[in-house]
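The values are calculated or read from the model by the stated rules, or taken from the named source; none is laboratory data. All of these numbers come straight from a predicted model, not from anything done at the bench. Cβ placement follows ideal geometry from the backbone for every residue including glycine, while neighbour counts extend to all protein chains displayed. Heavy atoms of the whole protein, side chains included, go into the accessibility calculation; ligands, DNA and RNA do not. Shrake-Rupley method; radii C 1.70, N 1.55, O 1.52, S 1.80 Å.
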Amino acid sequence: QVQLAESGGGLVQAGGSLRLSCGVSGSISSINRMGWYRQAPGNQREFVAHVSSGGSTKYADSVKGRFTISRDNAKNTVYLQMNSLKPEDTAVYYCYFWRPGYEYWGQGTQVTVSS
């Protein structure tokens, strides 16, 4: 079993920054992927970014150049640095952890960007 604990959401003005964190504990294999999705009211959950255990990253086009994902393997923690935030970034952000055959989700953390 795997547990995820997210933190770092909040309210920020447009143009501001926030940093999300997600700590993972439990049965973690050496091959895995950690990342973030988000869901705005009335919308489907959408991919934001992920980072593999090998260090490769992928971003949604809507956040490229503004968001940076990173991980600390010693702490089993993934971070999402969000800069130049826009009102359309407002959503609940969900951390996820994937290992072969399994996928786990966090509870979500609210990010609200005011104009």
Query - Heavy-atom accessible area per residue - segment 15-82, 1.4 Å, Å² - result: 51
Requested in this report: Output the Kirkwood hydrodynamic radius of segment 1-54, Cα pairs only, in Å rounded to one decimal.
Outcome: 13.4
Requested in this report: Take the alpha carbon atoms of segment 8-34, find their center, do the same for segment 57-75, and report the distance between the two centers in whole angstrom.
Outcome: 9
Query - Accessible surface of the chain, 1.4 Å probe, proportion on carbon and sulfur as whole % - result: 45
Report task. Towards the positive end of the charge dipole of the chain, with charges on Cβ (+1 Lys, Arg; -1 Asp, Glu), say which of A14, S29, V113 has the farthest Cα. Result -> S29
Report task. Enumerate the lysines that K86 could reach by cross-link, defined here as Cα to Cα under 27 Å, with residues fewer than 8 away along the same chain left out. Result -> K58, K64
Query raised in the report: In the chain, which longest range has no trypsin sites (Lys or Arg not before Pro) that are both DSSP loop (not H, G, I, E or B) and surrounded by at most 13 other Cβ atoms within 10 Å?
Result: 1-63
Requested in this report: Please tell me the relative contact order of segment 1-103 in percent, rounded to the nearest whole number, where contacts are Cα pairs under 8 Å and at least six residues apart.
Outcome: 35
Query - Estimated dipole of segment 68-115 in Debye, rounded to 20 [Cβ of Lys and Arg +1, of Asp and Glu -1, Cα centre] - result: 160
Requested in this report: Please get the size of the charge dipole for the chain, origin at its Cα centre, with Cβ charges of +1 on Lys and Arg and -1 on Asp and Glu, quoted in debye to the nearest 20.
Outcome: 200
Report summary line: Once the dipole of segment 33-115 is set up from charges on Cβ (+1 Lys and Arg, -1 Asp and Glu), the residue from the list L85, W98, A74 lying farthest towards its positive end is A74
Requested in this report: Would you please state which residues of segment 52-86 a label at S115 would reach in this model, taking the label point 7 Å out along Cα→Cβ and a backbone N cut-off of under 14 Å?
Outcome: 86
